[in-house]
Amino acid sequence: MAATVRRTLTPSLNPTGLGSAAAAIYAAVVMIWNATHHHGVIDPQVIVAAIGAAAFLYARFKVTPVADPKDGNGVPLKPVAPPAGPAA
């Protein structure tokens with residue numbers, strides 16, 4: 001019986017996840033900065049950063065689906081059970 005390979009999410013393997021986190025943190029910092037300096041909290045920088053974070057997050061789940069994770073070579077990380085077909 002083959003052992004299931006555990007998946008590690010290191011920064012080198014997860015650039016879209018890091019990009020999403022960075023964009024969300026940037027948007028939060030800009031909002032806090034604007035609030036403490038008596039400016040409007042929502043401005044074009046915040047909107048662009050939020051849209052960027054959402055795009056990165058969308059790409060992260062589109063490129064690496066959680067239901068079928070693969071390694072860098074495209075090999076499934078856990079063995080797939082053969083489909084049950086009609087007995088011949």
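Every number here is computed from the coordinates shown, using simple stated rules; none is lab data. What you see is a predicted model; the values in this text were computed from it and never measured. So basically every Cβ, Gly included, is an ideal-geometry build from the backbone, and we count neighbours across all protein chains shown.
Numbers for the structure displayed
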read-out	value
Simple label model, 7 Å out from Cα along Cβ direction - ILE47 to ALA81, nm	5.0 nm
Label-point separation, ALA55 to LYS70 (7 Å along Cα→Cβ), nm	2.5 nm
Hz values of 3J(HN,Hα) by residue in segment 32-49 - Karplus curve (6.51, -1.76, 1.60), Gly and Pro given as x	5, 4, 5, 5, 6, 10, 6, 10, x, 6, 9, 9, x, 4, 5, 5, 5, 5
